[in-house]
Amino acid sequence: MSGFIRESQIPSKLEDSELVVKVHAWAVNPCDVMLQDQSLPFITYPVILGEDVAGTVEVVGSIAASKFKVGDRVIGMARGAAHKMPEHGGFQDYLILHQALACKIPDSLSFTDASVFPLCITSSSFALFSKHYLGLPFPTVNPTSIGKSVLIWGGSSAVGSNAIQLAKAAGFEVITTCSPGNFNYVKSIGADKVFDYNGPSTTGDIATELDKGICAGIYHAAGQVATTCQV
């Protein structure tokens, strides 16, 4: 089908800030299901879907070469469907990624495990750090406490799990919700206080906890309601 990139047709005409990746693993997100099931005005059909990929770098643009080299193991977020660029779609053997949407991964992380990160970490990063949402200070490798808390509702979800780690790396005390069976999990990735999202007094208990200090914001990381609330 026109627009698909096959093994015998690796794209070589790149923008300077782009790279070609040979994909070893894909992840499927609710976003992919939505794009498949609904006729959206910004998509031109036929289209190659897929957002999350993990693989190895095959070709590097001149600007991207300052960050990547051929053979690097990377993850990336594809943008083909939204930008009407089939060669940038995720669900194919080779695709073009913009360098800003790609990241190296360590040898200790498998392609399969790494492929689940791009869209989830991008979603949580926008919600927490974009000036259009909560606008929190950026995370660091060696964070120090800034004396404020963040509430992440749905901490055991894919996006919530990323949000907990990012907020913790930004120096915040992280308060979150999940089912009791996931309490140990969210604590293991950085949550400081955990509440049963379905508990009879959860809302009041969380409000009491937040009132003990300064809450920088609330991020709803599960469900289909408004996702951010700055306080």
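Free of any GluC sites (Glu not before Pro) that DSSP assigns to a loop and that have at most 15 other C-beta atoms within 10 Å, the longest stretch within the chain is 16-231.
With a Cα cut-off of under 15 Å and a minimum spacing of 8 residues unless on different chains, the lysine pairs in the chain number 10. Take the Cβ atoms of T144 and S188, set R0 to 22 Å, and the FRET efficiency comes out at 0.55. Rounded to two decimals, the Cα radius of gyration of region 85-167 over 2.2 N^0.38 Å is 1.28. Look at the Cα gyration tensor of region 121-229: its axes a ≥ b ≥ c give a/c under 1.5, and that counts as rounded. Among the trypsin sites (Lys or Arg not before Pro) in region 119-191, those located in a DSSP loop and surrounded by at most 13 other Cβ atoms within 10 Å of their own Cβ are K131. In region 18-115, the C-alpha radius of gyration followed by the widest Cα-Cα span (Dmax) gives 13.2, 41 angstrom.
By the helix-only formula, in which each DSSP H run with n ≥ 4 contributes -39500 (n - 2.57) and the sum is divided by residues, the chain has a 222 nm mean residue ellipticity of -6500 deg cm²/dmol.
Where a number appears in this text, it was derived from the coordinates with a stated rule and is not lab data. None of the values given here were measured: they were computed from a predicted structure. Here the Cβ is made from the backbone with ideal geometry for all residues, glycine too, and neighbour counts use every protein chain on show.
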